[in-house]
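Student: Have a look at this one before I ask anything.
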Amino acid sequence: MTAGEDAADADADADGDAETVVRRDRFAGGPARGFMSSLAADERIFAADLAVDRAHTVMLAERGIVGDDEAAAILAGLDEVESAGHGALPDGEDVHEAIESAVVAEVGPVGGKMHTARSRNDEVAACIRYRYRADLLDAAETTLALREALLDAAAAHADTVLPGFTHRQYAQPVTVGHFLSSYAGAVERDTARLLAAFDTTNVSPLGGAAFGGTTFDVDRERTAALLGFDGVVENATDAASARDFLVEGTAALANLTATLSGLATDLIEHAKDGYFDPSDDYASTSSIMPQKVNPDTLELARAVAGDVSGDLTGLLTTLKGLPRAYNRDLQRATPHAWDAVDDATEATEVVAGAVATGEWDADACAADAGAGFSTATGVADALAAAGIPFRTAHEVVAEAAAAAPDDADAGTLAANLDSAAQEVLGESLYEYVSEETLDTALDPAGSVAARDSRGGPAPAAVVDSLARMTDTYGDHEAALAARRDALATAEAGLADAVADYV
Ligand code: ARG
């Protein structure tokens, strides 16, 4: 806003058209009026703007920049505007201008003092940060819900043997618990990234004004504290310009949804193979093929990764090359961040529900766990443990595998292994390993139990991993609660500070 506007506000007619109170007739309209306005999208920051207006007004009064009575009038006007709601705002370029107009219309020219010592540039940045931090906490909370669902199902299936794949080929038997906790580990980092993005977001740009600070003796730390921000953006120009916090949050969400999309694909594949059965709540039927139960929710959740990575790209390409300080391009950057956080949060919730309510068919999993000679690595390991160099052991097993049909049973594989040993080593396999050792290595459950290194699929190793992951879950849950508490305390503090005037 320009300096002239305060003067315009000062003699605005309180009974005049609220629409023109703040900006008078200049720039009041024109064919691009709708194109320029963010008012509709700004509904999302309506409550944030009221909080920012209140904190700023309280600070102005505390510093003697406006009188206590003037602050009281403005704060009363803000209450009226709040009760009337976003829908009742006069038309305007954005919510900041519209609320100011509405306050002036409500309480008269004194309402124009609210905009002393600030610009819409620091104001909008404060509103976005105020709202976005809450959205990030909600997103982080759904990652906790997803982790809980994954950890619970993993604990329930710590010893349910499952085929493990690489390149979509049968690779090694694992357990359902091991598979699910691999995703719990990934989502753990998503929570951490969202909490970090919250911390980057949660600083106050207020007092930066347009970009060049202000002549008024403002207390930036005070408005920051009243709004629950952990500090201030130091440089006034940076305060007005910066949107990197939106990039950080959206990048965290893009990462999260990329992980979700992989989980969705795995579950879709496991449903196709009969290992995983999504509950009816998370499935859909075909309108023509009566027998079908389709994992549609997982497919939709998978697609969200595309939307969110598109939002990240939209955000970055909008910001790229923007000079300091405020440029109106920024108005079109913000909705990408809202869309991304809404879509990612919803998708995470849905996937958490699908994991929590789906069922695993232990028999179907076990039936395929040894398919494609997927115990081969364990057999090679057993031969290597008996003193055969691993490379040679690998050769023996590879030869046996090449000679075996895909659905070969353990007996056939044992016979093949022995002939391969005769060929490669010139002696029987049983010179090196007992029949019992070989049987265990060829048994998917035995193969899994033997891989008990930290983070491995052996049920005991999975149980250990789950305990560590549950500890970290508790840490993140506490970190989230501490942030929510701090925001709630600040909100109550702001209400108290306002109550001193009205
Ligand atoms: N509505 C704008 C936005 O969302 C904020 C207004 C700042 N406008 C300006 N011309 N300085 O970014």
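Student: Could you grab me the full set of residues in the stretch 31-41 that are within 9 Å of the ligand (Cβ to nearest atom), of a type in the set (A, V, I, L, M, F, W, C) and not in a helix (DSSP H, G or I)?
Tutor: Start the filter on the stretch 31-41 by keeping residues that are within 9 Å of the ligand (Cβ to nearest atom), which leaves 36-39, 41.
If we keep only those that are of a type in the set (A, V, I, L, M, F, W, C) as well, we get 36, 39, 41.
The one that is within 9 Å of the ligand (Cβ to nearest atom), of a type in the set (A, V, I, L, M, F, W, C) and not in a helix (DSSP H, G or I): Leu39.
Student: Hey, another quick one. Condition (residue is within 13 Å of the chain's Cα centre (by Cα), β-branched (Val, Ile, Thr) and over 28 Å from Thr166 (Cβ atoms)) applied to the stretch 230-239: is it met by at least one residue?
Tutor: Of the stretch 230-239, the ones within 13 Å of the chain's Cα centre (by Cα) are none.
No, the stretch 230-239 has no match at all.
Student: Are any residues in the stretch 96-125 within 11 Å of the ligand (Cβ to nearest atom), part of a helix (DSSP H, G or I) and either under 23 Å from the mean Cα position of the chain (by Cα) or not basic (Lys, Arg) (or both), and if so, which ones?
Tutor: Answer for the stretch 96-125, where residues must be within 11 Å of the ligand (Cβ to nearest atom), part of a helix (DSSP H, G or I) and either under 23 Å from the mean Cα position of the chain (by Cα) or not basic (Lys, Arg) (or both): His96, Glu97, Ala98, Asn121, Asp122, Glu123, Val124, Ala125.
Student: Please go through the stretch 65-95 and pick out each residue that is closer than 20 Å to Leu227 by Cα and part of a loop (DSSP other than H, G, I, E, B).
Tutor: If the condition is that a residue be closer than 20 Å to Leu227 by Cα and part of a loop (DSSP other than H, G, I, E, B), then Ile65, Val66 are the ones that fit.
Student: Scan the stretch 326-341 and give yes if some residue there is more than 16 Å from the ligand (Cβ to nearest atom), without any contact (Cβ under 8 Å) to a residue 24 or more places away in the chain and either part of a helix (DSSP H, G or I) or not basic (Lys, Arg) (or both), otherwise no.
Tutor: Initially, the stretch 326-341 is screened for residues more than 16 Å from the ligand (Cβ to nearest atom), giving 340-341.
With the extra rule that they be without any contact (Cβ under 8 Å) to a residue 24 or more places away in the chain, the set shrinks to none.
The answer is no, given that none of the residues of the stretch 326-341 is more than 16 Å from the ligand (Cβ to nearest atom), without any contact (Cβ under 8 Å) to a residue 24 or more places away in the chain and either part of a helix (DSSP H, G or I) or not basic (Lys, Arg) (or both).
Student: Also: Taking the stretch 456-486 as the search range and keeping residues that are crowded, with 18+ Cβ neighbours inside 10 Å and farther than 30 Å from Ala366 by Cβ, which one is farthest from the chain's Cα centre (by Cα)?
Tutor: In this case the residue turns out to be Arg483.
Student: If you don't mind, there's one more thing I want to ask. Can you tell me which residue is surrounded by the most Cβ atoms within 10 Å (Cβ to Cβ) among those in the stretch 47-64 that are closer than 19 Å to Leu227 by Cα and over 35 Å from the mean Cα position of the chain (by Cα)? Walk me through it before giving the result.
Tutor: So the first thing to find is which residues in the stretch 47-64 are closer than 19 Å to Leu227 by Cα, and the list is 47-63.
Keeping just the survivors that are over 35 Å from the mean Cα position of the chain (by Cα) gives 60-63.
Details: Leu60: 25, Ala61: 22, Glu62: 17, Arg63: 14.
Filtering first and then ranking leaves Leu60.
Student: Ok, one more. Which condition breaks for Glu359 when tested against (1) at pLDDT 90 or above; (2) out of contact with any strand residue (DSSP E or B) (no Cβ under 7 Å at 6 or more places or on another chain)?
Tutor: The number of the failed condition is (2).
Student: Can you say whether Arg44 is assigned to a helix (DSSP H, G or I), under 27 Å from the mean Cα position of the chain (by Cα) and within 16 Å of the ligand (Cβ to nearest atom), as far as the supplied structure shows?
Tutor: Details: assigned to a helix (DSSP H, G or I): yes; under 27 Å from the mean Cα position of the chain (by Cα): yes; within 16 Å of the ligand (Cβ to nearest atom): yes.
Yes; evaluated as a whole, the condition is true for this residue.
Student: Sticking with this one: Name every residue in the stretch 355-367 that is in a helix (DSSP H, G or I) and closer than 14 Å to Ala154 by Cα, in order of residue number.
Tutor: Kept after step one, since they are in a helix (DSSP H, G or I), are these residues of the stretch 355-367: 355-357, 362-367.
Passing the criteria: Val355, Ala356, Thr357, Ala362.
Student: Pairs needed: first member in the stretch 30-41, in contact (Cβ under 8 Å) with a residue 40 or more places away in the chain; second member anywhere, more than 13 Å from the ligand (Cβ to nearest atom) and of a type outside the set (Lys, Arg); C-beta distance under 6 Å; at least 6 residues apart or different chains.
Tutor: The qualifying pairs do not exist here.
Student: Pairs only if they're at least six apart or on different chains, beta carbon under 7 angstrom, first in the stretch 351-371 and more than 18 Å from His178 (Cβ to Cβ), second hydroxyl-bearing (Ser, Thr, Tyr) and buried (at least 18 other Cβ atoms within 10 Å of the Cβ); list them, first residue then second.
Tutor: Ala352/Thr142; Gly353/Tyr282; Ala354/Tyr282; Ala354/Thr297; Thr357/Tyr282
Student: I'd like to know if the stretch 299-313 contains one or more residues that are within 16 Å of the ligand (Cβ to nearest atom), under 30 Å from Gly212 (Cα atoms) and assigned to a helix (DSSP H, G or I). So that I can check it myself, show each step before the final result.
Tutor: In the first step, residues of the stretch 299-313 are kept if they are within 16 Å of the ligand (Cβ to nearest atom); the result is none.
No, the stretch 299-313 has no match at all.
Student: How many residues does the stretch 163-207 contain that are aliphatic (A, V, I, L, M) and either touching a His at 6+ places or on another chain (Cβ under 8 Å) or in a loop (DSSP other than H, G, I, E, B) (or both)?
Tutor: Applying the first criterion (aliphatic (A, V, I, L, M)) to the stretch 163-207 yields 171, 174, 176, 180, 184, 186-187, 192, 194-197, 203, 206.
Applying the additional criterion that residues be either touching a His at 6+ places or on another chain (Cβ under 8 Å) or in a loop (DSSP other than H, G, I, E, B) (or both) yields 176, 180, 192, 195, 203, 206.
Residues meeting the conditions: 6.
Student: Spot the failing condition for Gly228; the list is (1) assigned to a loop (DSSP other than H, G, I, E, B); (2) out of contact with any helix residue (DSSP H, G or I) (no Cβ under 8 Å at 6 or more places or on another chain), and only one is missed.
Tutor: Every listed condition holds for Gly228 apart from (2).
Student: Of the residues Arg332, Arg302, which is surrounded by fewer than 18 Cβ atoms within 10 Å (Cβ to Cβ), of a type in the set (D, E, K, R) and in contact with a helix residue (DSSP H, G or I) (Cβ under 9 Å, 6 or more places away or on another chain)? Even if it seems obvious, please write down each step before you answer.
Tutor: Working: Arg302 fails: surrounded by fewer than 18 Cβ atoms within 10 Å (Cβ to Cβ).
Only one candidate passes the filter, namely Arg332.
Student: Quick check on the stretch 438-455. Is at least one of its residues buried (at least 18 other Cβ atoms within 10 Å of the Cβ), of a type in the set (Asp, Glu) and closer than 30 Å to Cys365 by Cα?
Tutor: Within the stretch 438-455 (the criterion being buried (at least 18 other Cβ atoms within 10 Å of the Cβ), of a type in the set (Asp, Glu) and closer than 30 Å to Cys365 by Cα), the answer is yes, since at least one residue qualifies.
Student: What number of residues within the stretch 378-397 are in a loop (DSSP other than H, G, I, E, B) and within 46 Å of the chain's Cα centre (by Cα)? If you could, list the steps in order and put the result at the bottom.
Tutor: Step one: filter the stretch 378-397 for residues in a loop (DSSP other than H, G, I, E, B), giving 386-389.
Among the residues that remain, those that are also within 46 Å of the chain's Cα centre (by Cα) are: none.
Residues flagged as in a loop (DSSP other than H, G, I, E, B) and within 46 Å of the chain's Cα centre (by Cα) within the stretch 378-397 amount to 0.
Student: Oh, and also: State whether the residues of the stretch 58-81 include one that is closer than 30 Å to Gly34 by Cβ and within 16 Å of the ligand (Cβ to nearest atom).
Tutor: no
The values are calculated or read from the model by the stated rules, or taken from the named source; none is laboratory data. Source: prediction; values computed, not measured. Reconstructed Cβ throughout: ideal geometry from the backbone, glycine too, with neighbour counts over all protein chains shown.
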